[in-house]
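The values are calculated or read from the model by the stated rules, or taken from the named source; none is laboratory data. Fair warning: this is a prediction, and the values are worked out from it, not measured in the lab. Cβ placement follows ideal geometry from the backbone for every residue including glycine, while neighbour counts extend to all protein chains displayed.
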Amino acid sequence: MAKALSMGKGKGSIAHNNREYKAHNVVEERTVENVKYKTQPIAEAYEELFGEAVEKFNESARSDRKIKGSYFEHLFNQDPNTPQAKNVLTGKNKQKSFYEDVVQVGDMHDSGIGTAGRATVAKVLDVYMKGWQARNPQFHVFNAVLHMDEKTPHLHIDYIPVAESKRGLTVQNGMQKALEQMGFPTPDKQNIGFMAWREKERNILGEICRQFGIEPAPPKPRRGVDLLPDVYKAEKDAQRKEIESGIQSLQKEQNRLQSDLEPLKRMEVRADEIQTKEEDGKDRHKHDKTIFTGKESVTVPKEDYDKMMEQSKAYRVNRPKIKKLDEREKALDERKNALDERERKVNNINEQNKKTLAEFNQAMQPLEQHCNTGGDALGFIRQLQAENSRLKKIAEELRAKVATLEKTLAEVKETAQNALENAWNRCGAVVSAINAWFNPCKEITALNKYVDKWASADGIDPNIIKEGEISKGIQDILKPKERERLP
């Protein structure tokens with residue numbers, strides 16, 4: 001027979017777990033059957049785990065940053081020796097003083113007091129508990145009890161997450177870091193690491209059950225703390241199908257109400273306006289009745305008239321019921337709209353979950369391949385982080401080189417443009433000089449105009465340049481050439 005495996009978060013009450021007071025659901029004569037695996041005071045546990053790290057931290061820390069008192073008091077502002085410390089406390093950084101897992105196999109019907117399976121279930125839980133600490137080195141168990149004095153045997157495992165850190169204290173209370181250091185990373189502050197760890201523990205419990213001849217039943221989600229992404233998706237699909245089924249049922253109910261309402265609505269037509277009067281003087285019509293409906297009147301046989309009167313009476317009697325039916329139909333429409341909106345939200349959530357699951361699976365593929373070949377998950381993650389840092393550094397260097405090249409290219413472009421402009425101007429001067437060789441008078445006149453133009457452009461008064469000086473100088477240069485050309 002299959003038995004359900006239950007793993008959930010407990011409230012965390014050390015006094016209840018150790019039976020320091022009598023609870024209403026406890027069978028006292030069976031309390032002696034309880035098994036206490038460990039009952040370490042929480043003050044002693046915190047000193048054992050973090051005392052040395054606090055001392056080293058205080059030796060090098062500034063006076064205003066030193067931890068005064070115990071690490072427990074520093075985190076939770078509470079003396080660990082008080083009764084309040086026997087319950088879960090939450091610190092300012094959302095750390096919890098400890099965590100509790102409640103583990104159970106079967107239920108009160110197949111494993112409870114008086115059943116044949118109770119002793120076997122107790123052995124399963126005993127084997128599971130004895131291997132728990134070795135499997136989870138970053139979770140320090142300070143209190144663990146097997147309760148046999150309630151309806152069904154179950155374990156209370158109370159533990160403190162212990163994580164190594166490079167900042168602050170070398171050893172700290174930290175659930176996420178502890179999970180990562182055991183090979184269950186939690187990207188983007190999601191709960192995936194914890195759920196993967198919980199699934200691993202569930203599988204181990206299932207294997208122990210099979211060793212004792214117990215077949216584990218399919219897992220049932222509890223309070224949403226142990227659902228992996230694929231299970232979560234399946235649950236959402238089931239919810240969507242349930243909503244769709246509810247919508248179909250409402251539509252059928254609405255159609256049925258409408259079909260019941262139609263005859264009653266037809267009775268309403270002109271029912272309040274019906275008036276009668278008997279016709280005088282015609283024996284063959286002495287049983288007929290005349291119906292006045294506004295401006296027109298219609299004569300009908302008495303039998304039809306009586307039926308109409310009965311229908312009218314039935315309508316008046318059932319008018320409150322018809323009104324209620326209308327209201328119910330309206331309420332059904334509103335509920336249908338609400339279900340449609342809920343279905344739309346569920347579909348959006350499903351799409352988002354599909355996207356998140358795909359991204360997660362894609363990101364986890366290299367890690368899974370590495371682990372399947374016998375590699376260390378944490379070491380592989382650190383290797384990926386180092387590679388990511390190296391690639392970021394290379395990208396920054398490339399961006400700096402690109403910026404330098406862009407600056408150099410702009411300077412070269414500007415220099416080339418200036419050189420081209422100068423070359424163009426010099427070519428123009430050469431052409432002008434050649435023209436002046438063959439037609440000096442015309443070119444001198446043009447050159448005078450050219451000088452006037454650029455003198456004005458440069459802010460120089462052209463009149464300052466004495467008229468004829470340029471032409472005179474050029475003619476002096478050209479005279480030898482002219483003499484050479486004479487026969």
Among the residues of the stretch 64-83, are any out of contact with any Gly (no Cβ under 8 Å at 6 or more places or on another chain), among the acidic types (Asp, Glu) and under 30 Å from Lys3 (Cα atoms)? no
Could you check how many residues of the stretch 81-97 are more than 19 Å from Gly10 (Cβ to Cβ) and of a type in the set (D, E, K, R)? 1
Is it true that Tyr128 is among the hydroxyl-bearing types (Ser, Thr, Tyr), out of contact with any Asp or Glu (no Cβ under 7 Å at 6 or more places or on another chain), closer than 25 Å to Val27 by Cβ and in contact (Cβ under 8 Å) with a residue 40 or more places away in the chain? yes
State whether the residues of the stretch 54-64 include one that is buried (at least 16 other Cβ atoms within 10 Å of the Cβ), under 20 Å from Val102 (Cβ atoms) and not charged (D, E, K, R). no
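Of the residues Asn372, Asn439, Asn388, Asn435, only one is under 30 Å from Gly183 (Cβ atoms), of a type outside the set (Asp, Glu) and at pLDDT below 70; which?
Asn372 is the lone residue from the list that is under 30 Å from Gly183 (Cβ atoms), of a type outside the set (Asp, Glu) and at pLDDT below 70.
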Give me the strands (runs of 3 or more DSSP E) completely within the stretch 130-184, filtered to those with at least 3 residues that are modelled with pLDDT of 95 or more and assigned by TED's automatic domain parsing to the domain that holds Ser97, ordered by residue number. 139-147, 154-164
Quick one: Arg118 ticks every box in (1) within 38 Å of the chain's Cα centre (by Cα); (2) without any contact (Cβ under 8 Å) to a residue 60 or more places away in the chain; (3) closer than 25 Å to His147 by Cβ; (4) crowded, with 17+ Cβ neighbours inside 10 Å bar one, so which box is it? (1)
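Conditions (1) within 19 Å of Met148 (Cβ to Cβ); (2) among the β-branched types (Val, Ile, Thr); (3) touching a strand residue (DSSP E or B) at 6+ places or on another chain (Cβ under 8 Å); (4) touching a residue at least 12 places away in the same chain (Cβ under 8 Å), marked per residue:
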| position | (1), (2), (3), (4) |
| --- | --- |
| Ala4 | yes, no, yes, yes |
| His24 | yes, no, no, no |
| Val27 | yes, yes, no, yes |
| Glu33 | yes, no, no, yes |
| Ala43 | no, no, no, yes |
| Ala53 | no, no, yes, yes |
| Arg65 | no, no, no, no |
